[in-house]
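Have a look at the structure below before the remarks.
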Amino acid sequence: MASTLRNIRPLTNTLRHAKLNFVSSNNAAVAVSLCVEDVQHSDILDILSLSFVPGDGVGPELMLCVREVFNTLGAPVEFDEILASELLPGRSSSLTDIVASFRRNRVGMKGILTTPAIGEGGDLMSLNMKIRRALDLYANVVRIKTVPGLKLRHQNIDFIVIREQTEGEYSALEHESVRGVVESLKITTYENSKRIAKFAFDFATKFGRKKITAVHKANIMKLGDGLFLESCKEISLLYPNIELNTMIVDNTCMQLVSKPQQFDVLVCPNLYGNIVSNLAVGLVGGAGMVPGESYSADGARHPFLTGAGRNIANPTSMLLCGVNLLRYLNLDNLATRLEDALSSVIKQQKIKTRDIGGYATQQDFLRAILSRLG
């Protein structure tokens, strides 16, 4: 396993070489169930603490879905809940407290934080961006995969979008040089470009992917995107078994909606990655169907993409975040049970929320999942 992925999965890689299901982290002693040792729930020695940020909009109600499912599964986790919001800054915990929770637990789930068009007090950097910077969550990973049972324009889609998310157009460096003229700086560094490229190649190696497409606009931004492109090419020399292609971002979007099956892994700078991943989500059923993950060198955060509503929001994306999180914690048996329950409900086409062509409520969908887990 490549070094970058060793760093971002500290618990899993330590545990796979352990004979006891008791390990020590940097902060505290913890224990988890080891699938490689076929440990049963009765053998669990301790509970894992999980940073739990409900977020804005439908985030809190979807987080309740996760709590109910985890309780039904008997997952050995406790929820270290912390409030964060830019819409209600008076109720939000401080950035210091949010970051401290994630650093203490080293893994967590976070709902979407709605970012106002104009920041509180004229602040140019959103709370989301501040959290990413503080925790160095440099890599965002979204798996775009068709789910059997959904009627979609395209089938047999299965690719990964990897997005660098600490610099680029999200650097919050803007100023009005003269009245009526605003300059926004796009920051591209060799260090971060090389880091996200290596993450992408390590990810492809770990999960058996064979082709990486570097998305860019180097024909126009010859220095900034050119540096990103050259970093990808440099790293690719270390991985002769993985093919590297390059594609201009506008052509990438056209190719995604015409023939998405051609892609395997896409690695993108910050803004392009945001646009490409959101476009790709629409190919497989919408925001309610696709989870996301953010990685630092020390841990993972599992956010979700979704829309607002009143008992109509599809909880699939958040529950799939739960699947990913359970696998990250090496609780593979529990992850498989939840994933199978989700697949069964969707494939049967009897209970569908509005975003995937049905009339079921969020609670109808949740009850169907719980009945299969019970």
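No lab work stands behind these numbers, since they all come straight from the coordinates. These numbers come from a predicted model, not from an experiment. Glycine gets a Cβ as well: all are built from the backbone with ideal geometry, and neighbour counts include every protein chain shown.
Could you grab me the full set of residues in region 66-88 that are over 19 Å from the mean Cα position of the chain (by Cα), in a helix (DSSP H, G or I) and among the aliphatic types (A, V, I, L, M)?
VAL69, LEU73
Could you list all residues from region 253-274 that are over 17 Å from ASP158 (Cβ atoms) and in contact with a Leu (Cβ under 7 Å, 6 or more places away or on another chain)?
If the condition is that a residue be over 17 Å from ASP158 (Cβ atoms) and in contact with a Leu (Cβ under 7 Å, 6 or more places away or on another chain), then CYS253 is the only one that fits.
Please state which one of GLY149, GLY108 is touching a helix residue (DSSP H, G or I) at 6+ places or on another chain (Cβ under 6 Å) and closer than 25 Å to ALA197 by Cα.
Among GLY149, GLY108, only GLY108 is touching a helix residue (DSSP H, G or I) at 6+ places or on another chain (Cβ under 6 Å) and closer than 25 Å to ALA197 by Cα.
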